[in-house]
Each structure stands twice: as C-alpha cells, then as structure tokens.
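The values are calculated or read from the model by the stated rules, or taken from the named source; none is laboratory data. Keep in mind it's a predicted model, so treat the numbers as computed, not measured. Note: accessible area is taken over every heavy atom of the protein model, side chains too, but ligands, DNA and RNA are not part of it. Shrake-Rupley method; radii C 1.70, N 1.55, O 1.52, S 1.80 Å.
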Amino acid sequence: MNARNIIDLDDVSQSDLSEIIRFAGVIKENPSHYVDYCHGKIMATLFYEPSTRTQMSFQTAMLRLGGKLIGFDNPGNSSVSKGESLKDTIRVISNYADIIVIRNSFEGAALAASMFSKSPVINAGDGGHLHPTQTLTDLVTLSYEKKRLDNLTVGICGDNKNGRTVHSLIKSLAQYKSNRFVLISPPELQIPQYVIECLKKNGCEYSFSTSLEESISDLDVLYMTRIQKERFPTEADYLAQKGVFVLDAKKMAAAKPDLRVLHPLPRVDEITLEVDDDPRAKYFEQTEYGMYARMALIIKVLESGRSVLPDKVQDTHQVKCSNLRCITQTETYLPKIFNESEGKLFCKYCDHSVEPSAIQ
Ligand code: NCD
C-alpha cells in the first residue's frame, strides 16, 4: 500500500481499498492465523474526544494481532492539560509508537499531527469533518451484507452537516459506479459544500429530502446518524433539531425486503428499540465488521509505514482559515496550506472555502 497516513479514505487507492476490504474478510474467517502479526509493535491511541467503539475496536484489533497499546482517552491526564502543543505531543509519541490513532475535536487535527510524526497517523475522527475508519467499517459491512459497493441507492439520514462519518462515507461511495444518494436532513443540517462538490465531480445522482417516510421505500441502504449535539453552538439550537427523524417499525414496513440499516452508533433516539429485532438492522453486526476492518488496516499500514519524520511543509498562501473549528485556529504555527479549485481556495485541513475578502 502506498498510503502512509490515513487522514481520509481517499488517501488509499481504489485497488488498495479493495484489498483491505478483502483482507478484512480473510481475517474474519480465520482470526487465529493473525494473532502474532503485530508482535513487538506498539499503537498509541490519542483520544482528545469521547469514544467507545472507535477507540476500543482499534485497541481490540491491535491486541488481537499481538501488538501492545499506549495512549490516553482523557487529555486532562496528559501534558496537553499543561498547554503542550499538538506538534510537540506527536513528535514525542511518534518516538514511542509504531502507529498513532488520533481523535480530536478540531477539524484537520489528524492531518496536522501527520506533519510531525515519524510513525503513520490514522484519523479516528477530526471534529465534524472526517472519519475514514468508520467508512472502512461501513464498506466492509456493505460488502458482506449487500455483496456489492456499487449500484446502490443510499439514504443518508440525520445530521448530514456535522456527521463526520457521513462525509467520509459519501466521498468514498461516490467513487463506485452508479451509486445514488438520497440526502435526508432538515435544511439546516445539509451536507457541506465540499461533499456536494465530490458528488458532482464523480457524476453521482443525488437528491435532497426532508422526509424519511417518503424516501425509505426507494432505498437499498439506510445510513442513520444521531444529531451531533456537541457540534451545536447552543443547547436551544440542538433541541430544535433533536428527534427530527425516528426510524420505527412502521417506517420499516414500507422499506424493501433487502434494505440494510447501518448506523455508526451511538444511537440516541433516532432508531426505536423495536427495529433492533428486524433482520434488516445491521448496526450491531457493523461494530464487529469494524474490528476486522481495523485489523486489516493496521497490518497494511504497518507493512508500508516508514519511521521517518516527513519533510517540512511550506505555506502555499498567506491566508488564515476562517473556520473556527479548524485546527489552525489553536495550533497557530501550522503551515497555511490551501487547495485551489475553480478559482476558489479551500483550507487543506478542514476543506472550508476561504472568503474572497481574506485573500490578499
Ligand atoms: C461516530 C463518531 O464518533 O463520529 N461514532 C463512531 O465513531 N462510531 C458517530 C457519532 O458519534 O455520532
């Protein structure tokens, strides 16, 4: 595999991605064969934000491969609480660990970390931006449960604005042939522009809906997400959206017999408990697929990972990103790097477009 860091799944070529998905299946069928694969290797899990599944499935994956773990899930117990920069933390930890898994509430934090790490860095969620290993989990789940990753009508329902799993999933599924997307959310919680641009670039069919009830019968896959409370500016803003979509047995009755319902979890109130007993609900199986997906990814990343400090990245533009959730707001030493597309500038850390007034 060519990718050193996994900041988003598009760091991985389509053929490498197919190989990881296939390999996850091989491990799932014969896990005992891999118990010593990471013997002598150490993974650091640096969780600056809460996590149950992602953190524990990475940890379980590494332990099942015979590797060892260091890290924190409460940055308050680390030197971060003394004001240590992300750069310094990563420089140090990459002297200890062979692979670093990081979750942070700022968008672009994993990309920033990768610039100062001798070891490969895997993004386990950067704010409301991206979550590539959840997408890998979702792809492995679909390849088992639907037997294909193309020609699917996929409903994405919930907080499409702030749900990082949704952004990575759409970006990835858009690259497979003939997938169609029904983006079900309140108008305030529609997917960000850079994800729409990705759908356009790949020539995907997509439509917007505000009614799960009306859209469900068209779907092969329904990807539910919770409203992301922690990303709302105020409690009142969250309460205005809370409970907006609820998948229940009545709605399931109108769905196709071979629909598959996925959810990255945690669930709050968007799927009623009765749906858990419907054989089309696959969100608990999904968590098991995720462990095998991460085992496959760890093996592939460690096989190709080199222990070297990357070259220093230079500023591309003298512009400051205006997104208050971008990692460049707090880690002000970071190089100012932007992509140019159709005359517009997009921050490389968080994908937000730069206001023309900010460009000198
Ligand atoms: C998701 C996340 O953290 O983005 N959970 C997960 O990783 N399985 C989804 C969520 O928190 O809603």
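For the reader, a short list of remarks on this structure follows.
- At the listed q of 0.17 Å⁻¹, the Debye profile of the stretch 1-112, built from one uniform point per Cα, gives log10 I(q)/I(0) equal to -0.96.
- Cα centroid of the stretch 63-86 to Cα centroid of the stretch 250-323, whole Å: 22 Å
- For the stretch 235-360, lysine pairs with C-alpha atoms less than 15 angstrom apart, excluding pairs fewer than eight positions apart on the same chain, total 6.
- The stretch 313-360: relative contact order in percent, alpha carbon pairs under 8 Å with at least 6 residues between: 38 percent
- Applied to the stretch 178-192, the Karplus parametrisation 6.51 cos²θ - 1.76 cosθ + 1.60 on θ = phi - 60° returns per-residue 3J(HN,Hα) values of 6, 7, 10, 10, 10, 9, 9, 6, x, x, 5, 10, 6, 4, x Hz, with x for Gly and Pro.
- Using the Karplus relation 6.51 cos²θ - 1.76 cosθ + 1.60 with θ = phi - 60°, the per-residue 3J(HN,Hα) values for the stretch 146-154 come to 10, 6, 7, 10, 10, 6, 10, 9, 10 Hz, with x marking Gly and Pro.
- If you sort the three axes of the alpha carbon gyration tensor as a ≥ b ≥ c, you get a/c under 1.5 for the stretch 124-217, which makes it rounded.
- Heavy-atom accessible surface of ARG267, to the nearest 10 Å², is about 60 Å², with a 1.4 Å probe and all protein chains retained.
- Across all Cα pairs in the stretch 61-143, the calculated P(r) in 5 Å bins from zero up to the longest distance comes to 3, 13, 20, 26, 20, 11, 4, 2, 0, 0 percent per bin.
- In Å², nearest 10: area of THR60 left accessible to a 1.4 Å probe: 50 Å²
- For the chain, the Cα gyration tensor yields ellipsoid semi-axes of 31, 26, 19 Å (square root of five times each eigenvalue, largest first, whole Å).
- Under 5 Å from the amide H of TYR223 lie the amide H atoms of GLY155, ILE156, CYS157, LEU262, each residue being 5 or more positions distant or on a separate chain, with H modelled from the backbone and absent for Pro and chain starts.
- Rg of the Cα atoms in the stretch 210-360, relative to 2.2 N^0.38 Å, amounts to 1.45.
- Of the listed residues ASP36, ASP276, the order by accessible area with a 1.4 Å probe, largest first, is ASP36, ASP276.
- Solvent exposure ordering (accessible area, 1.4 Å, most first) of MET1, MET224, MET56: MET56, MET1, MET224
- Between amide H atoms placed 1.01 Å from N, distances below 5 Å from SER209 occur with LEU183, ILE184, SER185, all of them 5 or more places distant or on a separate chain.
- The accessible-area ordering, largest first, of the residues TYR292, TYR333, TYR349 stands as TYR333, TYR292, TYR349, per a 1.4 angstrom probe.
- For the stretch 69-81, Karplus couplings with θ = phi - 60° (6.51, -1.76, 1.60), whole Hz, Gly/Pro x: 10, 10, x, 9, 10, 9, x, x, 8, 10, 5, 4, 5
- Alpha carbon convex hull of the stretch 132-286, projected area averaged over orientations, nm²: 8.3 nm²
- Between the amide H of ILE6 and those of VAL121, ILE122, ASN123, distances stay under 5 Å, these residues lying 5 or more places away or on another chain, with hydrogens modeled in the peptide plane.
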